1. How much length is gained if the chain between Q53 and T345 is pulled fully straight, taking 0.36 nm per residue apart and subtracting their Cα-Cα distance, in nm to one decimal?
2. D292's amide H: which non-local residues (gap 5+, or another chain) put their own amide H closer than 5 Å, with H modeled 1.01 Å from N in plane and none for Pro or chain starts?
3. Given a 1.4 angstrom probe, what's the average accessible area per residue across segment 318-434, in square angstrom?
4. Can you compute the FRET efficiency between T630 and A369 using 1/(1 + (r/R0)^6), with r the Cβ-Cβ distance and R0 = 60 Å? Round to the nearest 0.05.
5. Cα to Cα, under 26 Å, and not fewer than 8 places away if on the same chain: which lysines meet these conditions relative to K141?
6. Output ³J(HN,Hα) for segment 621-631: one whole-Hz value per residue in order, computed from phi by the Karplus curve 6.51 cos²θ - 1.76 cosθ + 1.60 with θ = phi - 60°, and x for Gly and Pro.
7. What percentage of the solvent-accessible surface of segment 303-421, computed with a 1.4 Å probe over protein heavy atoms, is contributed by carbon and sulfur atoms?
8. In percent, how large is the relative contact order of segment 1-151, given Cα pairs closer than 8 Å and 6 or more residues apart?
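The values are calculated or read from the model by the stated rules, or taken from the named source; none is laboratory data. Because the structure is a prediction, the values reported are computed rather than measured. Note that we place each Cβ from the backbone using ideal geometry, even for glycine, and neighbour counts take in every protein chain shown. Ligands, DNA and RNA are excluded from the accessible area calculation, which covers all protein heavy atoms including side chains. Shrake-Rupley method; radii C 1.70, N 1.55, O 1.52, S 1.80 Å.
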Amino acid sequence: MKLATLQAGQFVETGGYYAKGDTGAARYLIKAAQAFDGYADHELVNGTIAVLQVGYSLDIRQVGAVIDGANNDTEAVKAAVATQAKVLTHGYGQSLIKHSEIVLGNYQEFTGRGEFINDELPNELGGTPDFLLIRCTQNNKVTDLTFTGLNNRVYATGCWSSLSAGRGKNITVKNITANLCGIFISEPDKGFTLNKINETFTSWVSSGPVLDTDISEDITVSDCVMYGDPIYNAQTGDPDTSQVAGVTFWFTRRASSINNNVRYSRFGSWAYGGTVVASDNVSVADTPLLCDEIQFIGGTARDVHSTFWMSRASNSSITGTTSLGYKDVVLDFEGCAGITCVGNTVIDTDGGGGAMVCLWGNSEVLFSANIFRIAAGVSGLGPQCINSNSDIVYDGNIISNFGTNDSALVVQEIVGTTSPRSDNITIINNKFDAVRVQFESGSNVTVNNNKFKNTPGSNTIKFFQTTDTECKGNTIKVVGALAGSSNSPIQLVHSAALFLTGTMLFEGNRILGHTGNSGISVFVANEGANLIEMVNNKANGLHVPNAFITDIANNYRGQLLIQNNYANAITDSEHIAGSELRNTGGTQYSNRSESYANSPAGLTGTYRQGDIVWKALPTAGTTLGWVIVTGGTGGSHTFKDMPSLVV
């Protein structure tokens with residue numbers, strides 16, 4: 001066609017772009033001399049210009065893309081976008097794209113069965129990612145394509161918002177495959193710096209602060225697959241480190257990641273709206289939560305560093321995901337509010353840093369119906385709730401440890417911090433297998449109706465420096481002998497006068513399967529103005545220290561209620577003796593025990609005033625049993641007969 005002498009106003013149709021039948025056939029309108037790009041528009045020998053006639057859709061081969069995997073198709077693909085065709089298609093074949101972004105216009109869609117590839121080595125001076133193969137703007141769709149990188153720095157597609165480029169908005173990415181590159185990223189076009197040798201960020205946002213115009217909106221990424229490079233960055237000793245992620249939402253509103261699958265990635269899929277420490281220009285101290293209404297639904301992550309986590313996000317959720325093999329954390333929230341994490345499965349096969357984690361300043365987070373398993377031979381950590389969290393609920397989860405570490409759901413404040421203590425932490429209806437619950441601090445804490453098995457026994461549920469504590473309806477199955485109060489399966493410890501008020505309720509707990517006198521122990525040295533209630537528990541022993549009751553000189557007024565428990569050792573010489581129960585400055589109630597004997601001669605144990613001994617085989621006209629009126633041991637007590645059984 002370029003050798004033809006055609007006049008302005010004529011139309012011409014070609015049988016191909018380079019050769020007949022190469023799928024580059026197109027229709028052109030001949031116009032007078034004007035600017036041309038040499039891809040969509042061409043200069044003829046007589047100086048006229050053949051202008052490509054573009055309909056609703058355009059195949060990139062109609063503008064010169066060769067798609068043979070060797071020819072550089074970058075400029076041809078850019079020319080296809082510049083035609084403003086609404087649908088751009090890429091047929092079977094490979095388009096080599098060099099270091100350049102293909103920026104879609106408003107309402108453009110890119111689809112097809114072809115593959116975009118990039119074969120460039122890392123740009124050590126640049127940020128991460130190096131660039132996007134296809135950059136979305138607004139009202140775009142990218143579907144059914146394959147993207148292959150080389151350096152694990154390239155993202156298949158994404159959007160970068162800025163005042164000049166506009167807000168990334170209303171973007172759909174579906175059914176793409178990303179090899180050695182990330183699936184999707186949305187973030188402000190501000191740049192950030194990465195130390196690429198040891199994979200650490202030197203700054204997250206180098207030209208903040210983040211403005212509202214920088215925040216992308218209405219993003220859906222679904223049914224995509226990412227395969228990273230398992231040997232990338234091997235010099236750090238971590239073979240599973242591809243810096244790009246599967247799906248990443250930075251400073252984004254109303255975004256969903258649905259059924260996307262990621263393997264071999266630094267961060268599998270995550271949302272970031274600022275850090276929880278003052279290490280960048282968007283710290284927790286001076287910005288609102290800049291990610292909102294983020295959803296991760298379904299999908300898998302395997303052999304990653306960490307995945308499915310959110311920082312500074314609100315009104316968001318992670319639901320129905322599966323994670324297998326990770327080195328850091330999964331289902332992790334940092335500085336978030338209004339979060340639900342429901343129905344996820346996590347299997348730690350690499351000795352990870354924990355799952356179902358609340359780190360620094362979260363509020364209103366629900367973990368429910370999740371399955372978390374630490375595999376055999378692995379030294380992984382359990383769930384964690386660390387530093388200044390409030391209104392956190394673990395409800396109905398199954399947490400199992402078949403690994404080599406003593407694992408626990410830990411609630412604590414990091415030593416040396418001045419942050420407020422975690423408040424309103426609720427752990428209910430969970431099933432724990434070889435996993436403990438351990439509070440190192442906290443107020444208004446609840447541990448109710450959980451089931452524990454295969455635990456180490458000692459301190460299966462431990463409260464340290466907690467106030468207003470409720471522990472009800474838990475069942476703990478322990479095998480073996482546990483002697484001494486310090487080894488009790490349920491234990492509460494206050495070791496300083498910092499926490500002087502609070503109610504500690506232990507009710508309806510069942511500790512089964514072990515021998516020895518350990519059961520429920522409370523150590524509250526030099527504490528007071530507290531109420532301890534031990535009611536309706538079944539345990540081999542209940543222990544409360546003398547200091548709780550007798551430290552009248554320091555004006556402490558502890559109150560103790562021990563009632564209707566089934567325990568072999570409730571009061572012993574090491575902890576509470578009968579005389580001490582009457583010398584407390586506060587209010588004191590002792591437990592009334594009930595037992596059985598055939599005659600008064602059988603009452604040789606330790607009894608307290610008010611204890612009841614029922615006759616084992618009562619008959620008509622004889623006493624129903626005996627009431628202890630003076631406590632004692634080994635027969636030193638005194639008793640009175642109950643009324644006789646009326647004939």
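1. Contour length minus Cα-Cα distance gives 99.9 nm.
2. Sorted by chain and number, the residues that satisfy this are T252, R253, R254, S314.
3. Value returned for segment 318-434: 33 Å² of accessible area per residue.
4. The value I calculate is 0.65.
5. K78, K86, K98, K169, K174, K190
6. Going residue by residue, I get x, 10, 5, 6, x, 9, 10, 6, 9, 9, x Hz, with x marking Gly and Pro.
7. So the carbon and sulfur contribution to the accessible surface is 55 percent.
8. 17
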